[in-house]
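> If you scroll down you'll find the structure; I have some questions about it.
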Amino acid sequence: MLEGGSRKRNQPAPPHVIFEALTEPDRDPARPWLLLLDDEDRPRLLSTEAPHLVVWSSIWRKRPDARVRFDLPRDGSGGTDLRWTLYLAEPLPDPALLGHMRKRLNQLINANLRFTFGQ
């Protein structure tokens, strides 16, 4: 599999809380964050190593081969330096679709999820 993109951003919650949010996205119905588009499906958990690693199946129907890896190291201040990495089988999608996929991960993880922790 080829790397299609990666982004690291700090999350205010500790790794075990982020791990729980990624493995149980509906755990708090008052704070939904995994808001999928019409052409997206819920990811399945492919691999986990609590509390530092989560791997999702694809959320994109157009690219069911995609995998999303989440690395969750502590940041030294009580939070998490969350890194998502998108992996895809060859051939990589055209630049427009790849850009859309990256943008969606940023929106879901670095906006929606982050905002559930008050930031």
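The values are calculated or read from the model by the stated rules, or taken from the named source; none is laboratory data. It should be emphasised that the depicted structure is a prediction, and the values quoted were computed from it without experimental measurement. With ideal geometry, Cβ positions are generated from the backbone for all residues, glycine too; neighbour counts draw on all protein chains shown. Side chains are part of the model used for accessible areas, which takes the heavy atoms of the whole protein and leaves out ligands, DNA and RNA. Shrake-Rupley method; radii C 1.70, N 1.55, O 1.52, S 1.80 Å.
> Collect the residues in the range 46-72 that are in a strand (DSSP E or B), without any contact (Cβ under 8 Å) to a residue 60 or more places away in the chain and among the charged types (D, E, K, R), keeping them in residue-number order.
Scanning the range 46-72 gives Glu49, Arg69, Asp71.
> If Gly79 meets every condition in (1) open to solvent by 40 Å² or more (accessible area, probe 1.4 Å); (2) more than 20 Å from Ser47 (Cα to Cα); (3) over 15 Å from the mean Cα position of the chain (by Cα) apart from one, which number is that one?
Condition (1) is where Gly79 drops out.
> Name the single residue, out of those in the range 47-63 being closer than 21 Å to Asn106 by Cβ and out of contact with any helix residue (DSSP H, G or I) (no Cβ under 8 Å at 6 or more places or on another chain), that is surrounded by the most Cβ atoms within 10 Å (Cβ to Cβ).
Checking each candidate, the answer is Ser58.
> I'd like to verify a number: residues in the range 1-45 that are without any contact (Cβ under 8 Å) to a residue 24 or more places away in the chain, in a loop (DSSP other than H, G, I, E, B), surrounded by 12 or more Cβ atoms within 10 Å (Cβ to Cβ) and not acidic (Asp, Glu), how many?
Qualifying residue count for the region: 2.
> Additional query: Restricted to the range 66-76, and to residues that are open to solvent by 10 Å² or more (accessible area, probe 1.4 Å) and touching a strand residue (DSSP E or B) at 6+ places or on another chain (Cβ under 6 Å), which residue is nearest to His100 (Cα to Cα)? Step through it out loud before you land on a result.
At the first step, the residues of the range 66-76 found to be open to solvent by 10 Å² or more (accessible area, probe 1.4 Å) are 67, 69, 71, 73-76.
From what's left, touching a strand residue (DSSP E or B) at 6+ places or on another chain (Cβ under 6 Å): 67, 69, 71, 73, 75.
Details: Arg67: 15, Arg69: 17, Asp71: 21, Pro73: 26, Asp75: 28 Å.
Going through the qualifying residues, I end up with Arg67.
> Within the range 91-113, does at least one residue satisfy the condition of being in a strand (DSSP E or B) and without any contact (Cβ under 8 Å) to a residue 40 or more places away in the chain?
We begin by selecting, within the range 91-113, every residue in a strand (DSSP E or B); these are none.
Checked the range 91-113: no residue is in a strand (DSSP E or B) and without any contact (Cβ under 8 Å) to a residue 40 or more places away in the chain.
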